[in-house]
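The values are calculated or read from the model by the stated rules, or taken from the named source; none is laboratory data. Bear in mind the structure is a predicted one, so any value in this text is a computation, not a measurement. Positions of Cβ are generated from backbone atoms using ideal geometry, with glycine treated the same way; all protein chains shown enter the neighbour counts. Side chains included, ligands, DNA and RNA excluded: accessible areas come from the protein's heavy atoms. Shrake-Rupley method; radii C 1.70, N 1.55, O 1.52, S 1.80 Å.
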Amino acid sequence: MDEWRGQRRIADDGPPGARVVIVGEAGGARERAALHPFVGPTGWKLDAWLMHAGLRRADCFICNVFPFQPDNNKIESVPRADLAVAIDELHDRLAGLTGPHVLVPTGNTALRALTGRPTAKITETRGFIERYVDRRG
């Protein structure tokens, strides 16, 4: 899915050999304009968190489950079929990476996409570590 409703894809960002992968939900207006994930206020907050952890943005691979800005910035507005395609593509993109050791979902949509658990809640799984096996095995 390279376009959605006339929008261009918000590109993944970072080296494919990064050991840390940060998975967001979807882009907002600033991400749509820049075609990069986590820019503007969300990016500043992410950069601060990374710095606090002793990391830099360049140390991470950063992507979104849905690589476009949903209508009204609500992931619920994305038709289920479109979201399913985006989740399938996310797993393909993750399988193409060479170095991930830690995947960090940043919300319910990312957690659900990575775990396959449709009712998982990020607030109930903080600190929980789960094994992820990519499509390469």
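I need the full set of residues from segment 36-73 which are within 22 Å of Glu3 (Cα to Cα) and part of a helix (DSSP H, G or I), in order please.
Asp71, Asn72, Asn73, listed by residue number.
Any chance segment 83-92 includes a residue that's open to solvent by less than 50 Å² (accessible area, probe 1.4 Å), modelled with pLDDT under 95 and either under 25 Å from Trp49 (Cβ atoms) or touching a Gly at 6+ places or on another chain (Cβ under 6 Å) (or both)?
No.
With the requirement that a residue be touching an Asp or Glu at 6+ places or on another chain (Cβ under 7 Å) and open to solvent by 70 Å² or more (accessible area, probe 1.4 Å), what does segment 41-58 give you?
none
Would you call Leu97 surrounded by 14 or more Cβ atoms within 10 Å (Cβ to Cβ), out of contact with any His (no Cβ under 7 Å at 6 or more places or on another chain) and in a loop (DSSP other than H, G, I, E, B)?
Working: surrounded by 14 or more Cβ atoms within 10 Å (Cβ to Cβ): yes; out of contact with any His (no Cβ under 7 Å at 6 or more places or on another chain): yes; in a loop (DSSP other than H, G, I, E, B): yes.
Spelling it out, Leu97 is indeed surrounded by 14 or more Cβ atoms within 10 Å (Cβ to Cβ), out of contact with any His (no Cβ under 7 Å at 6 or more places or on another chain) and in a loop (DSSP other than H, G, I, E, B).
I want to confirm something. Restricting to segment 17-35 and keeping residues that are part of a loop (DSSP other than H, G, I, E, B) and open to solvent by 20 Å² or more (accessible area, probe 1.4 Å), which single residue is farthest from Gly107 (Cα to Cα)?
Among those residues, the one meeting the criterion is Gly17.
Considering every residue within segment 108-123, establish whether at least one is under 21 Å from Ala18 (Cα atoms), of a type outside the set (Phe, Trp, Tyr) and open to solvent by 50 Å² or more (accessible area, probe 1.4 Å).
No, there is no match, as no residue in segment 108-123 is under 21 Å from Ala18 (Cα atoms), of a type outside the set (Phe, Trp, Tyr) and open to solvent by 50 Å² or more (accessible area, probe 1.4 Å).
Which one of these is open to solvent by less than 70 Å² (accessible area, probe 1.4 Å), more than 11 Å from Ile10 (Cβ to Cβ) and aromatic (Phe, Trp, Tyr): Phe38, Phe61?
None of the other options fit; the residue is Phe61.
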